[in-house]
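Here is the structure we will look at, set down as structure tokens.
The values are calculated or read from the model by the stated rules, or taken from the named source; none is laboratory data. Nothing here was measured: the structure is a model prediction, and the numbers come from that model. Here Cβ is always computed from backbone atoms with ideal geometry, including for glycine, and neighbour counts include all displayed protein chains. These area figures cover heavy atoms from the full protein model, side chains too; ligands, DNA and RNA do not enter into them. Shrake-Rupley method; radii C 1.70, N 1.55, O 1.52, S 1.80 Å.
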Amino acid sequence: MRQAGRSLPEYRALRQGTVMLDACMDPEMVCEITMQPVRRHGVDGAILFSDIVVPLKAAGVDLDIVAGTGPVVANPVRTLEDVKALPELHAEQVQPVADAIGLLLKELPQEVALIGFAGAPFTLASYLVEGGPSKNHERTKALMHGNPELWHALLAKIADVTTAFLHAQLDAGVQAVQLFDSWAGALSERDYREFVLPHSKRVLETIGTVPRIHFGVGTGELLPAMREAGADVVGVDWRIPLDVAVRRLEQANPELPKPVVQGNLDPALFFAGFEAVEREVRRIHAEGKAAAGHIFNLGHGVLPDTDPEIITRTVELIHSL
């Protein structure tokens with residue numbers, strides 16, 4: 001369950017006094033935060049504690065994560081010169097992340113998979129162009145449509161950074177990777193196919209034989225295209241039932257094997273009491289049978305005020321099914 005750690009008191013205690021990006025580059029802290037949900041909840045997979053802007057920061061982009069706002073970029077990308085000035089990422093710049101993976105592989109139970117983590121080129125580009133989080137992505141879309149050549153140059157540069165970050169994790173020993181395109185749901189399918197898919201595909205094609213999970217928020221209309229980018233597993237948020245997602249994937253790509261999905265309990269339902277959660281878990285479990293495989297997960301990140309006990313009970317229920 002993505003970001004399960006941030007609802008835990010032990011996470012907040014450990015993070016106190018340490019800013020997010022510093023925490024992501026502290027091997028012992030990354031190891032401990034990644035382990036906390038595994039110890040507490042007994043989940044089957046550990047998602048590497050990180051942030052989507054870590055590779056940009058490590059490469060030398062001037063940005064910070066501002067509490068209550070999110071990633072803020074000091075010098076937003078506006079011109080070809082700005083794109084050319086973006087630094088490359090080298091493995092030694094994210095060595096602390098590789099060191100954390102080494103620690104985790106020693107500590108994780110053998111049956112718990114370690115999943116690597118990276119932001120997809122479009123979402124990272126949106127932060128760089130907007131200068132921070134955006135509701136409407138107006139600058140991003142304006143650049144995309146107003147100067148396609150510049151846009152593709154930007155995404156090609158970011159795809160190189162993302163690829164280097166994922167390969168550093170793969171070389172260190174992660175057993176699967178998850179590519180997050182958090183803001184791709186802001187796009188039409190036509191725009192996604194033209195302006196985004198080629199770059200995400202280039203990243204995912206380099207991964208090799210480990211499972212590749214691809215996830216976005218509000219991407220019900222984009223699921224077939226996201227699978228075409230090279231996903232072995234398509235993450236589905238809570239807005240679309242899993243059996244409907246599977247049907248869309250099958251109809252769009254009948255020549256491909258039966259799809260595997262991940263999802264998709266609404267994290268807000270943890271506040272409705274366990275009876276409501278159990279009802280939804282059983283429904284999602286039944287709908288997931290339409291797929292060739294189903295990783296039960298939330299439809300997005302755990303909300304910070306969630307009672308950890310209800311997460312533990314939910315994991316126990318899922319295991320019982």
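See the values below:
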item	result
Residue tally, condition without any contact (Cβ under 8 Å) to a residue 12 or more places away in the chain, open to solvent by less than 70 Å² (accessible area, probe 1.4 Å) and in a helix (DSSP H, G or I), over region 267-288	3
Selection within region 29-63 - touching a helix residue (DSSP H, G or I) at 6+ places or on another chain (Cβ under 7 Å) and of a type in the set (Asp, Glu)	Glu32, Asp51
Filter pass, Val210 being more than 25 Å from Val161 (Cβ to Cβ), in contact with a strand residue (DSSP E or B) (Cβ under 8 Å, 6 or more places away or on another chain) and either open to solvent by less than 50 Å² (accessible area, probe 1.4 Å) or without any contact (Cβ under 8 Å) to a residue 12 or more places away in the chain (or both)	no
Selection from region 185-195 of residues that are crowded, with 19+ Cβ neighbours inside 10 Å and in a helix (DSSP H, G or I)	Ala186, Tyr192, Phe195
Listing of helices (runs of 4 or more DSSP H) fully contained in region 62-149 that carry 3 or more residues being open to solvent by less than 60 Å² (accessible area, probe 1.4 Å) and modelled with pLDDT of 95 or more	95-107, 121-130, 138-146
Test: Ser182 is of a type in the set (S, T, N, Q), open to solvent by less than 30 Å² (accessible area, probe 1.4 Å) and under 30 Å from Glu111 (Cα atoms)	yes
Subset tally (residues that are over 17 Å from the mean Cα position of the chain (by Cα) and within 21 Å of Gln93 (Cβ to Cβ)) for region 31-56	1
Unique match (being without any contact (Cβ under 8 Å) to a residue 24 or more places away in the chain and on the phi > 0 side of the Ramachandran plot) among Gly68, Gly131, Gly60	Gly68
Region 256-266, subset surrounded by 20 or more Cβ atoms within 10 Å (Cβ to Cβ) and not polar (S, T, N, Q), residue nearest to Trp238 (Cα to Cα)	Leu265
Some residue of region 153-161 being of a type outside the set (Ser, Thr, Tyr), more than 22 Å from Ala229 (Cα to Cα) and surrounded by 19 or more Cβ atoms within 10 Å (Cβ to Cβ)	no
Among (1) of a type in the set (A, V, I, L, M, F, W, C); (2) touching a Ser or Thr at 6+ places or on another chain (Cβ under 6 Å); (3) over 25 Å from Val161 (Cα atoms), the one test that Trp183 misses	(3)
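Condition check ((1) touching a residue at least 60 places away in the same chain (Cβ under 8 Å); (2) closer than 16 Å to Ala292 by Cα; (3) of a type in the set (Ser, Thr, Tyr)) across all residues:
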{"position": "Thr219", "(1), (2), (3)": "no, no, yes"}
{"position": "Arg227", "(1), (2), (3)": "no, yes, no"}
{"position": "Asp232", "(1), (2), (3)": "no, yes, no"}
{"position": "Asp237", "(1), (2), (3)": "yes, no, no"}
{"position": "Asp243", "(1), (2), (3)": "no, yes, no"}
{"position": "Leu249", "(1), (2), (3)": "no, yes, no"}
{"position": "Glu255", "(1), (2), (3)": "no, yes, no"}
